[in-house]
Every structure is written in structure tokens, then in C-alpha cells.
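**Q** Let me give you the structure first, and then I'll get to my questions.
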């Protein structure tokens, strides 16, 4: 569609060959049009701009391009919100001066083709006027044929009640003005008029939902209707209903989905709203089909009842359905009427239900093989119309959407496969053919692929299926006979079975949806019902389906009239206010024609259906006989009759009326389904048996051998329709009138004649007229006083509600003509309650502001007190926590110190042991060296002495000369003096050694005392330690005693040897130093070794004692350390055992060394004794 025409002041005939399709063009004085363009609701997007959240797309309704709308529409990005100006709403079109001038210039003139043209009045003379048309033609017309036009300032108003002149051309122009600018919604008083744009328009999405929720946009919209419904439900605690009506293709289904989206957005949060939205693709796939007038025509009507919780959130939903030709009440909440004849028969250019084409196009390979699916053109039920696809619709993609929706509403995979198997069985049933078996035209089914596939899919035997299709069991008296069927009867039986399976499948699906939406949901009784029902239908040939559909629309129109006309005016009269009654087209006479007993259309149809010999011709004749006097009925030739409906006259062909009304499914087919192995056919059979048990009020019948007594289709349809009306009567209705702008489903095309016909059928002008002259807002005295009394400046609490109400009206200077006071209520014209509500809201806002400030101040004080208390509490908590942490750290520090001390001590002990061991090795080597040197020295001295003695002996030879005798005496005397000197020196050294020996003796005594102390300390150790220490102590004592004895012996011998040696020295004159003096050195070395052993014993005792005491304290709990006392005690014991063994070895080695020293000294003494013996013998000689 191109850009909207800039100057929408007049209608222009654009295409005369298109049945008066009109668009807008500029007038000759084009300056007024430019003004209008600037005034139209600012910011509205260009008409070419598409919007993905719109329910419309392409060149057709989104009903065709997007047969299912899920919750993705709620979250998808929306176009920027238009900044809708309120100037049009607030216009005061009371500028009489400018308006009067305009009124004399422009008027509406109807052309011969029925279209209206805006003409400029050139001159008026008497009853005639000269007008100028936009195309330049000048006509002279009767002034009475001109209809006044509204001023330019009212072009495109969003509420038809604002029009100064309310007439058909003005309404048509206003709707077209808005339609060309993609403003498809217009208010007509309490009714919303929605024109199908057949394309995407930027009016939907989350941004718009939030805007209407926050009241930031006041333009007419489905969102506004849904918002009003949910607010009234919450405030008044009354159930609400939103009723969509209009012709087929007017956009009812999409409008219903848009309303559901808004309710889901406002009441969402529990997740159930997603399931509710996902029911749409399922219901559309199984209940919608392509017709010549609509690519996504709803062949069923539905009532969706959405329940809300106390918090305003959706808590569940229920669906009520009713089916045409198979009218079965599934649940009391969601009504569906479906054309089941479409299953087996389609007109040229139409399609059967979408699900058949979606299954054939989108089924995966495994499913196709399992169901033996073929292409759609190979099924007779689908190829008879030569229409297999819809422009812009991908059936394979839609199949996946339906599969996803089935998963969301909790239909299991097994059940889904069973559903698809039933659909395939219906398609294969259409391919079953029959062969003649005798001359009486009796037939039987051909045992080909079709028959075998059907039997496999429903789970029965091929023979049983063949018998059910080609024979019929009849009961005659007490006998059962089998009647063979003719070709026509067999085809009817086959088609009836296919329709029954599909009807029961649809019923079962709705039941599963209701279970999913109702499981575990708590309801408060508050609900909003959305009614989407088929529109009025009138075709070239209208049959039983159109008869039922138009009857339902008559009943809905009566509901519309009752609420907007009848009840409104009756309430005015009952409450005693001044009111001039407004006339409207009442369709009660047409309803009486359908429902009157016993001579109504439905009664006569049921009566004729009960007669076995009744035919369509006899039925038509009966209608003409009894109803010709009714003004709404007119008999036609042969089997036709005409009914004058509220939307116009419709001629019906009675062919097939009786058969369709009887809706016979023989018990043979039901029994066949009950014997099937699959669970779905068994469920279907059970449901059909339950229905067949319902009796008919009136004569019973046995037509065509059927042995069932059940309600007719018309009776059940009427019963369900009455239940629907009762449910709607208990709610507050909100009406949406959907308008179809053209029959070509072309965006931008606006046919005046078609739109005007729909507006007349809807009674839009009457609704606006009664709303303008009436009082649409009303409130009881008590409620009004209670709601607005706080706005009064004076205290009137003691007065009655009526006085309080009048005082409120006077205080706000509401004009008397703007309201009327009734017996029980106050009635207000449009807009007055809004003024009071605005004042009340502003006042409440101020009160709430003051309260919020005061509460905020209190909250701040409380918060500060709480903050101070929390700070104090936190300080105590933090202090206690810090103390606890410090105690833990201190304990850990002490434990660490103990561990460090123990480790350092151990390391020092190891170092000391190494040094001590090294020192002992060095000392032992040193002493060994000294011992060797001592031995070598003694040997050297002895050798020297022997050599000197031998020399001296050699000097005194017998027989020597006398002259050398004096010299020898001198030598001997000098030698003796030297020996004497050396003896004195040896005696001095001996005294020094004796003093050192005394000192060492004292040290030995000290060591013995310390040893006893160490022995006392070691008694606290284990018994093993004590025994070992005693043995060591005894060994050491023995060593000391033996050393002391040897030492005393040495001392005595030393004194003797000294005197003798002195004599010897004097005798021999030798400088030999006595061996005793050198013998003291080994003894000193032995004492130093013993001293070191004692010192080591003392140190080890101290260390082991301290460690054992510490570990005992840790084990008893007196000490704190992060170690295992038992393990450390075992380790300490092991260390002690090791040291003990090493100490014992060294002690034994010391004993050996001391014994060796003792032996060497004994040998020396023996040498001495021997030498002195020889010396003494020499002296004697």
C-alpha cells in the first residue's frame, strides 16, 4: 500500500470497476487538507512500515500467514511508541462561527453507485442546491439529499461520539481516514470498531502493553479493552467477557489472540499463560481452514475462560467447544462449533482443515513410513478442491509449531502419534472405494492399500472394517438381520465414520488442553471470558451450516442489543430519570422465527427429521405452509426459503438439512471403534455410546435402519447456545466489532458499501447515538458518596448518601444537564465521571504523598535507631570475635614456641652429638698418639740406660792401668752429680703429678656425687631405663674402684721406686727419669675419658628428663602443643635406647683401655723389679 493521501477531505472514485472502492484525494481548495495532516495523531508510523508483533502480515491477514501466535509476540521488539496527541480527544468542536461557515460549504452527496462524495455547495436556491464535485462536475441537486459534513477539526477523531453530525457518510469517512493511517481501532461509544488492515501495523508489542497498562496512551485499542476488563474484574469483583463479532475474514481470531496476549502479559508469572497462548496453534490447526473469503477461517467458535487468582495472576483456564454436525459438550467452559462436512467435502478453491496439509508436509520420514503417508494430492478428501497450499504459509513449519504446542500442553509422544494416526486414518478412509457384488447395487469395500492402512491405523481387522462399511445390522423383533448397503449408503457410512473420528479427536484434544490448563490451579471465581465465534455468513448457496451459524449470530446480536439498548433504556425508565427512548433495529422477531414452539424453524426441522419418510422437499413445504405469514420469512421456489436476518436477507437451500440434522452414525461403526486395539478409537466409541443414550423430546425415529435415539444436531446446538448465553449474561460484556474493509483481502482497499453494510449490521450508529444521548456512567448513591465524600470541604458524615452526592456535584460545578439523579443511582454523561476520578486521583495522590513522606520520616528514624543498635551490636560481636581470634592466635603462638623450642633443642642436640663424637675421636687419636710416644720414650730411655750401663761396666775392666784410675773417679763423681740433679728434678715433677692426682681425685668425687644426682633423676623414667642406668652405674663404679686401687698402688710403688732409683742414680750417675712420672699420663687420660662420659651422662639425663616431663604434661592436658604425645614418647624411648646402646659400647671400650693401661704398668713394674734385682745382685757382688 502506498503512502496515505495527504489531503483526506473528500472521497474520490479511484476504480469504478472495483465496486466502488474509494480512496482519498485533495479537494480543489487543498489548503484545508494540509491542516488535517498536521493534526492527525502525531508520530504515527507510515502505512508501509511493517511490524513483526502485529497479527497481520503480507497481503493477507496474519490469520492466514501466521495461523498461530505464541508468547513470542509478547517479548518481541516492538516499534517505537507513537506519541499520540490528546488534542483530538480534547477538541471542543463548539466553535459555532467557523463551523457554520464550513457547514454551508461542504456536504455529503451520494453518487449513483452508492458511494458518498464530499461536495462543495456553490449556491442554494429554495429546495435546490448547486454543488461542485471533486472531479469538476457541477450538479444541481435537491437540498434534502445533502447530508451535512463535519468540520475539518473533527477529521480522524478516535471516538465517533465526538462527531458533530452523526451520519453514515461521516462515520465512513472517519473510519477510512484512520484506516489509511494504520489507525485501525476506533471507539463507537462503549464498542471498539476494529478494521482488518490485511498487513502488519506497528501497534503491538511489549512497549504498547506497558503504555496501555500505565495509561500513557489513550488511543482506542484491543489492549485498552482488555485492560478495562481486568481492572473492572479486580475492582467490582464481577466476571468479565470480551465478545468478538464480525464477518468471516474480519480479524476476530487475531483480535482474540491480541486480547489474550495482553491478559497474559498483565496476569503472567505462573507459567500457565504460556500454555494458554500455545493452545491457539493447536485449535487453529484442527479447527481452521482456507475458504474463498478467508485463508484462515475459523470453522469453529470458542469460549476461553481465563481464571485469575487473588493477586491478579492467571491461575488457569478452561475451554468450551461446540461442533456443527457433531455437537458434543466437552467441558462447560470452551465452546467450539466446527464444520465437519469440510472433512469429506471441500468447494473449489478451498481447503480442508489445516492439520491435514501440515501433517503431509511436515511429518518426519519415520512418521510418514509408520502412517504410510502420501502427498496431499493423492487423497480424495483433499484433492477434490484443487487447492493444496496458502500463499505465504509453510505447512511444514506450522506442523512443527503444532508439535511444540502439543508438548507444552502436556500431550505425550504416544498420544501425539495416536492423534496423527487418526488423522491419517481419516485421509485413507476417503480413498476407500467400493465394488458392486450383485444386481441390486449392493457393494463391498475394495481390499486395497486404503482399506488395509485404515485397519492398521485404527487397530482393527480388515474384515471387520469391510463389514462395517458395506453392511448394517438391524433388529427386527427379536431377530438381528444384516442388510447390505448400496453404493450411496456405503459412501455415506464411510464419510460419517470419517467425520465422527475427526469430531471425537477434536473433542479429545480440547479435553486434554483443559486438563493441562486446570491441573493444580486454584481459582477465586473471578474470570475473563473471550468469545471468538464465526461471523455472519451469506453465500451463493447456503446450507445447514450457514443456517446454524447465522442463528448463533442472531442470538449474539440479541445479547448485544440487550446490553447496549434494551437494558440501558429500561434502567433509565426504572430509575425515573428524564429519557427520550432511542429506536434501534431489534432482531427479536427473527429469533422468534427460529426458536418459537411449535412452529419455529428449529421445531419444524426436528419434527420433520423424526419422520422416516421426511425429505428436504417436505420440510421446505412445511416451512412455507406454517411460516409464510411471518415478516422475517419468505418461501422460495422448490427447496429454498429466505430469512431476514439483522445483517440482511439470506436464502437457504434445504438440500441435506434433514440428513445433517439427524447426524446418524450407526451402531455398527461405533462397535467397530470399540473393538479397535488403539486406545483413542475406544475412547471415541465410549463417548458416542454415551451420547446415543440421550433421548429426544418428542417422537422417536428409526431412519435408515439406525437403532439409536439421540438429540438432533439443531437441538444440541440450541442447547449449547443457550448455555453460552447464560454464561455471558453473568458477566460484564465488552464488545469488539471487527470490520472487513474489502473482499479481496487487499491492504489499503476500503469498500464503502461493504463497510457500511457491516456497520449497519453491528448497529454502530445506534450505539453511538444512544451513548451520546444517554448516560453511560452510573453509580449508586451509597457508592458515589463513599467514593468521593472525602473530597468535600465540609464534614457531612452524618448526612444521607443522596445529600452527600448532591453536595459533591455542587462543589465541583457539574452542570445539571451533565447528570441526572435517579431513585437509586446517579447517571452521568460521557466524561463526567472521568473528571471526578481525575480529581479523586490527584487528591489521593497528594494524600498518599503526605503519607509516604510521613512514613518515610518514621522509617528513617526507625532506620537510624536500628542502624545505631546494629552498629553497637556489631561492635560487641566484632570485639568478641577478635578476642576469640586472639585467644586462638595466642594458643597457636605458644604451641609454635614450644614446637620451635623442641625442634631447636633437637637440632642443638644433634649438632652437639656430632661435635662430641668428633671430639672423642680426636681425643682418642691424640691419646693413642701420646701413648705410643710414651711407649717409644720408655723404650728409648731403657735402651739408653742399658747402653750407658754397659759402657760404664766396660770402663771398669780388671787388670787396667793405675794411671787412669783417678780420671775414672772424676768421671763417676760428675756423673753421679748429674744423676742426683735429675732425681731431684724427677721428685719435683712427681710432687706436681701427685697434686694433679689429688685434684683429679676431687673431680672424681664430684663426678660421683653428680652421678648419684643423675641416678635420682632417672628414677622417674621407665623401669627399663632405671635397670639399664643401674647396670651402667655399677659398671662405672667398678671402673672407678679399680682405678683407685691401681692409683694407690702406684703411689706406694712410686715412693719406693723413687728412693731406690735415687740410689741407683747415685750409683750409676744416670740422668734417667723414672718411669713413674711418665706413668701418670695414661692415668690422667683415663680420668678425662671418664669425666667426659659422666658429663655426657648428665647432659643426656637432663634432656631426656625434660622431654619426657613435657610430653607427660601435654598428654595430661596441662600443656598445649600441636603434636601427638604418644608418638613422641615412643620416638623419645627409641632415641634413649639408641643412646643407651652406644653409651654401653663406649663404656666397655673405656674399661678395655683402662685394663690395658693397667697391664702395661704391671709389666713395667715387673721390669723394674727385675732390674732392681739385677742391680742389687750387682751391688752384692
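No lab work stands behind these numbers, since they all come straight from the coordinates. For clarity, every value in this text was computed on a predicted model and none was experimentally measured. Because the Cβ atoms are built from the backbone with ideal geometry, glycine has one as well, and the counts that use them run over all protein chains shown.
**Q** Remind me, what semi-axes does the range 451-566 give for its equivalent ellipsoid, largest first in whole Å, using sqrt of 5 times each Cα gyration tensor eigenvalue?
**A** Values for the range 451-566, descending: 41, 25, 15 Å.
**Q** Could I ask something else about it? What are the semi-axes of the equivalent ellipsoid of the range 775-830, taken as the square roots of 5 times the eigenvalues of the Cα gyration tensor, listed largest first and rounded to whole Å? It would help to have the intermediate numbers written out before the result.
**A** On the way: eigenvalues 65, 31, 15 Å².
Over the Cα atoms of the range 775-830, the semi-axes work out to 18, 13, 9 Å.
**Q** Arrange the peptides 978-989, 677-688 so that the one whose residues have, on average, the most other Cβ atoms within 10 Å appears first.
**A** Answer by packing, highest mean first, reads 677-688, 978-989.
**Q** Let me ask something else about it. For the range 380-477, what relative contact order do you get, as a whole percent, if you take Cα pairs closer than 8 Å and at least 6 residues apart?
**A** 21
**Q** At a 10 angstrom cut-off on C-beta neighbours, averaged per residue, how do the peptides 836-844, 881-889 rank from highest to lowest? Display every interim value, and only then the final one.
**A** Working: 836-844: 13.4, 881-889: 10.3.
Taking the mean over residues of other Cβ atoms within 10 Å, the ranking is 836-844, 881-889.
**Q** Starting with the highest mean, order 116-125, 217-226, 155-164 by the number of other Cβ atoms within 10 Å, averaged over the residues of each peptide.
**A** Packing proxy ranking, top to bottom: 217-226, 155-164, 116-125.
**Q** Computed FRET efficiency, Cβ-Cβ of residue 397 and residue 634, R0 45 Å: what is it to the nearest 0.05? Don't skip to the end; give the middle numbers.
**A** Details: r = 48 Å, r/R0 = 1.08.
After rounding to 0.05, the efficiency reads 0.40.
**Q** Follow-up question, since we're still on this one. Tell me the volume per residue, in Å³, of the convex hull enclosing the alpha carbons of the range 735-825.
**A** Measuring per residue, one finds 154 Å³ for the Cα hull of the range 735-825.
**Q** How far, in nm, would the chain grow between residue 1003 and residue 782 when pulled straight, counting 0.36 nm per residue and subtracting the alpha carbon separation? Please list the in-between numbers first.
**A** Values: separation 221, 0.36 × 221 = 79.56 nm, distance 12.49 nm.
Taking residue 1003 through residue 782 to full extension adds about 67.1 nm, to one decimal.
**Q** Please tell me the relative contact order of the range 775-830 in percent, rounded to the nearest whole number, where contacts are Cα pairs under 8 Å and at least six residues apart.
**A** 54
**Q** When the label point is put 7 Å from the Cα of residue 585 along its Cα-to-beta-carbon vector, which residues of the range 239-273 have a backbone N closer than 15 Å?
**A** Answer for the range 239-273: 246-247.
**Q** Let me ask something additional. Evaluate the distance, in nm, between pseudo-label points positioned 7 Å from the Cα of residue 989 and of residue 853 along their respective Cα→Cβ axes.
**A** Rounded to a tenth, the inter-label distance reads 12.2 nm.
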